[in-house]
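First up is the structure itself, then whatever we jot down about it.
The values are calculated or read from the model by the stated rules, or taken from the named source; none is laboratory data. The structure displayed is predicted, hence computed values, not measured ones. No Cβ is skipped: glycine too gets one built from the backbone with ideal geometry, and neighbour counts run over all protein chains shown. The area values use the complete protein model at the heavy-atom level, side chains included, leaving out ligands, DNA and RNA. Shrake-Rupley method; radii C 1.70, N 1.55, O 1.52, S 1.80 Å.
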Amino acid sequence: RVNKPTDVLSFPLNIKLKKNVYIGDIAISFEIINKRSIKSSFKHELDKMWIHGYLHLNGYDHICNEDFEKMHKKENLIFKQLNF
């Protein structure tokens, strides 16, 4: 863990629901996304961050390189499916 501003935080519910309707919360930093959007678009950067947070809520992490690669591939797959 690093003590610095971050772009997205995920807060899993940690309670097993029968239908998995609610899995937790995602907090996204408007300031960081807005700053990054100068090179692309706000929607593009926001979509990347909620996908990243969603994957964290579903158990993905990026502590080691192998996990980072797995998560990154899944992020790209979801992002491509949403932005056709």
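Taking the criterion of being touching a helix residue (DSSP H, G or I) at 6+ places or on another chain (Cβ under 8 Å) and within 17 Å of N76 (Cβ to Cβ), the residues of region 37-53 that qualify are E45, L46, D47, K48, M49, I51, H52. Within region 25-55, the set of residues being in contact with a Ser or Thr (Cβ under 9 Å, 6 or more places away or on another chain), among the hydroxyl-bearing types (S, T, Y) and open to solvent by less than 90 Å² (accessible area, probe 1.4 Å) comprises just one member, S29. Restricting attention to region 23-51, the residues that are under 23 Å from L13 (Cβ atoms), assigned to a helix (DSSP H, G or I) and not charged (D, E, K, R) add up to 4. The C-beta contact set for region 19-41 (first residue over 13 Å from L57 (Cβ atoms), second residue open to solvent by less than 70 Å² (accessible area, probe 1.4 Å) and in a loop (DSSP other than H, G, I, E, B), distance under 6 angstrom, 6+ apart or interchain) comprises S29/D7; I32/D7.
When region 52-84 is limited to residues that are in a loop (DSSP other than H, G, I, E, B) and of a type in the set (F, W, Y), the one that is farthest from the chain's Cα centre (by Cα) turns out to be F84. Taken over region 53-73, the criterion of being of a type in the set (A, V, I, L, M) and closer than 19 Å to N14 by Cα is satisfied by L55, L57.
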